[in-house]
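Everything below concerns the one structure shown next.
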Amino acid sequence: MSLFAMGFLLVILQPSTGQFPRACANTQSLLRKECCPTWDGDRSPCGELSSRGSCQNILLSQAPLGPQFPFSGVDDREDWPSVFYNRTCRCEGNFMGFNCGECKFGFSGLNCTERRLRTRRNIFQLTTSEKDKFLAYLNLAKNTVSRDYVIATGTYAQMNNGSNPMFRNINVYDLFVWMHYYASRDTLLGGFNVWRDIDFAHEAPGFLPWHRVFLLMWEREIQKITGDENFTIPYWDWRDAEDCVICTDEYMGGRHPTNPNLLSPASFFSSWQVICTRSEEYNSQQALCNATSEGPILRNPGNNDKSRTPRLPSSAEVEFCLSLTQYESGSMDKMANYSFRNTLEGFADPRTAISNISQSGLHNALHIYMNGSMSQVQGSANDPIFVLHHAFVDSIFERWLRRHRPMLEVYPAANAPIGHNRENYMVPFIPLYRNGEFFKPSRELGYDYEYLQEPALDSFQEFLIPYLEQARQIWVWLVGAAVIGGIVTAALTGLILAYRKKRRRTSSEIQPLLIESEDYHNISYQSNF
């Protein structure tokens, strides 16, 4: 199907889903602080009559937080989602969703009992029709109002503690742009005061699990509005790329012929409008982004500050990052050294793993390189390259999980920045997901990466890598222990031989004449030890 024909469908298709469930964005739900919508299958809250789930009190983590956020009770996102709701659906078995009406990631079927594994592929390995379909799906999401979710346009206080709901509709694509903004926005302290050192999706341990959930939800919403259950997000492998090879009209939009900061008119992405990019304006007004259009996508790849990001990341830098054995370390923020997460996120040097916030590596490098809408954290998801980029970042996270096979306990349980402890719920997702629930291999969540599907022998080698890495780190001690062990063994052997030789010379003088030969050997065995 041509792009024009698929684009025509945008006019006639209108279903979809996010953040605040539409069924809970009302005065009654806010005042009762309860979000337990009915499931259409049996018309009971959370599908309770069908044993899918039940309405339960939210269990919040009591683990201590790090020192980065010195306030309490000033931000709606603290102890998410308890400011808005303290009762939500708790789903059973493989059921999931704000009303337990869906299946957990990796499951399908009427009763969510069928396992399903989908494969994310390199965008350059897609056929022309597959690539065109992906682009049309993006445009469809940009032009389809979410059926199940709305966004908040005011804080809980501005809603008069729930008696004056402030929500609005939003299209499916912008719903995810808004969620990314909401998780990373500054804290509004009143007057003209804000607190900037806060982010529920970046600069801390939850960076990788948060974006993993974000992509899984985004993928599912595309599947729902298109009816294409096999859809997966493609990735862009940017290692060693000399320029933005996907910045063409055939793919994600080329450069405008007269204005290098805009996209080519030949790409339908040039007509897209961005939202949530004016953080200073929102801060001065003590307001939230209300998803009003704010202009076209900006992108000028490669014309960025070269002193901060001289080039796109290399394969060697990715491999060094993968060799790091600690997921998190130290302060567990952007100052962490020898942290896999901080190095992959880009706040630590990808050659030394030492924190250096004056430079941008790996994940951050790509954002800075794009030199436009993607380069500002809160609004970066406006550029559709965002999902291709983060799919590849997630694949690097997946490689690290497979190589090092960490236990869940490796993910910090306490003292991480606000919102990033293992048992904290991720902002702003409803249904609720804890950070630790996505610190696991992707196959357990129902997806894999094409370039990671290796033959059995390579998988076995991948299994051995963490043990070989540990052996490499302690080989000096192993050699030393072997040498000392050899010396001790030789000394003991010499003593035993000398002792036996002496016994043979004197045995006729010291052994009784009437003992049986079998008893003699038993006595010798006991006396030797």
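The values are calculated or read from the model by the stated rules, or taken from the named source; none is laboratory data. Note that the structure is predicted; figures quoted are calculated from it, not measured. Every residue, glycine as well, gets a Cβ built from its backbone with ideal geometry; the counts of neighbours run over all protein chains shown. Side chains are part of the model used for accessible areas, which takes the heavy atoms of the whole protein and leaves out ligands, DNA and RNA. Shrake-Rupley method; radii C 1.70, N 1.55, O 1.52, S 1.80 Å.
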Heavy-atom accessible surface of region 384-425: percent carbon and sulfur, 1.4 Å: 53
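In region 295-330, which trypsin sites (Lys or Arg not before Pro) fall in coil by DSSP and have 11 or fewer other Cβ atoms within 10 Å?
Numbers: sites: Arg299, Lys306, Arg308, Arg311; in loops: Arg299, Lys306, Arg308, Arg311.
Those that pass, being in a loop and sparsely packed, are Lys306.
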Residue-wise HN-Hα coupling along region 43-56, computed from phi with Karplus coefficients 6.51, -1.76, 1.60 (Hz; x: Gly, Pro): 6, 10, x, 6, x, 5, 5, 9, 6, 7, x, 7, 7, 9
Accessible-area value, Ser129, 1.4 Å probe, nucleic acids and ligands omitted, Å²: 80
Restraint check, Lys131/Lys440; Lys104/Lys224; Lys306/Lys334, Cα-Cα greater than 24 Å: Lys131/Lys440
Region 99-121 and region 33-63: distance between their alpha carbon centers, rounded to Å: 19
Trp272 accessible area, assembled protein chains, probe 1.4 Å, Å²: 10
Chymotrypsin sites (Phe, Trp or Tyr not before Pro) within region 147-229, DSSP loop, no more than 16 other Cβ atoms inside 10 Å: Tyr156, Phe192
Separation between Cα centres of region 316-375 and region 133-147, rounded to whole Å: 32
Using a Förster distance of 30 Å, the FRET efficiency for Glu229-Ala413 (Cβ separation, nearest 0.05): 0.25
Heavy-atom accessible surface of region 21-87: percent carbon and sulfur, 1.4 Å: 49
Loop GluC sites (Glu not before Pro), region 125-223 (other Cβ atoms within 10 Å of the site Cβ: 12 or fewer; DSSP): none
